[in-house]
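Structure, as structure tokens:
The values are calculated or read from the model by the stated rules, or taken from the named source; none is laboratory data. In this text the structure is predicted, and so the values were computed from the model without any measurement. Glycine gets a Cβ as well: all are built from the backbone with ideal geometry, and neighbour counts include every protein chain shown.
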Amino acid sequence: MYAVIRRYRLAEGATVADVMQRVQRDFVPIVSQAPGFVAYHAVDLGDGAIASIGVFDSQDATDASTSQAAEWAGRELATLVTGAPDVEHGPVGAHAAREPGTAPHLDSGQPV
């Protein structure tokens with residue numbers, strides 16, 4: 001698995017709620033259908049910053065999602081964020097996940 005983290009800074013007058021609503025309504029349906037998609041989260045970091053975390057099953061899928069997100073954000077978030085996001089990506093080295101109401105699934109820690 002591979003992950004990509006994008007960090008955005010809100011533009012003057014924009015709110016986290018505005019960005020999150022647009023991301024949930026318009027981007028989540030797109031990214032969740034991308035080949036290799038595993039998970040996506042958008043996080044309010046406070047102080048006018050938002051991070052998104054995308055997890056995919058390969059580096060190629062992660063790279064494709066970065067292009068897709070850049071195109072979408074440039075078109076749909078241009079008035080809500082300032083500049084391009086800071087982007088970092090790499091292989092996932094440790095992982096735990098669970099469905100609500102179940103025990104966590106712990107990965108072996110070995111890159112997949």
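Tabulated values for the structure
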{"read-out": "Any pair with Cβ under 6 angstrom, 6 or more apart, that starts in segment 1-28 at a residue that is touching a residue at least 40 places away in the same chain (Cβ under 8 Å) and of a type in the set (Phe, Trp, Tyr) and ends at one that is surrounded by fewer than 16 Cβ atoms within 10 Å (Cβ to Cβ) and not in a helix (DSSP H, G or I)", "value": "Tyr2/Pro91"}
{"read-out": "Residues of segment 32-66 satisfying the condition of being closer than 12 Å to His89 by Cβ and either modelled with pLDDT under 95 or more than 12 Å from the chain's Cα centre (by Cα) (or both)", "value": "Ser58, Gln59, Asp60, Ala61, Thr62, Asp63, Ala64, Ser65, Thr66"}
{"read-out": "Enumeration of residues in segment 45-84 that are among the acidic types (Asp, Glu) and either touching a Pro at 6+ places or on another chain (Cβ under 7 Å) or closer than 12 Å to Phe27 by Cβ (or both)", "value": "Glu71, Glu76"}
{"read-out": "Residue satisfying all of: in segment 59-88; farther than 16 Å from Pro35 by Cβ and polar (S, T, N, Q); surrounded by the fewest Cβ atoms within 10 Å (Cβ to Cβ) among these", "value": "Thr79"}
{"read-out": "Scan of segment 47-65 for residues that are assigned to a strand (DSSP E or B) and either farther than 15 Å from Arg7 by Cβ or aromatic (Phe, Trp, Tyr) (or both), ordered by number", "value": "Val55, Phe56"}
{"read-out": "Hits in segment 92-112 - residues which are in contact with a Pro (Cβ under 9 Å, 6 or more places away or on another chain), surrounded by fewer than 13 Cβ atoms within 10 Å (Cβ to Cβ) and modelled with pLDDT of 90 or more", "value": "Gly93"}
{"read-out": "Residue list for segment 29-44, restricted to those being touching a helix residue (DSSP H, G or I) at 6+ places or on another chain (Cβ under 9 Å) and part of a strand (DSSP E or B)", "value": "Phe37, Val38, Tyr40, Ala42, Asp44"}
{"read-out": "Some residue of segment 15-27 being surrounded by fewer than 16 Cβ atoms within 10 Å (Cβ to Cβ) and in contact with a strand residue (DSSP E or B) (Cβ under 7 Å, 6 or more places away or on another chain)", "value": "yes"}
{"read-out": "Filter result for Gly83 (modelled with pLDDT under 95 and not in a helix (DSSP H, G or I))", "value": "yes"}
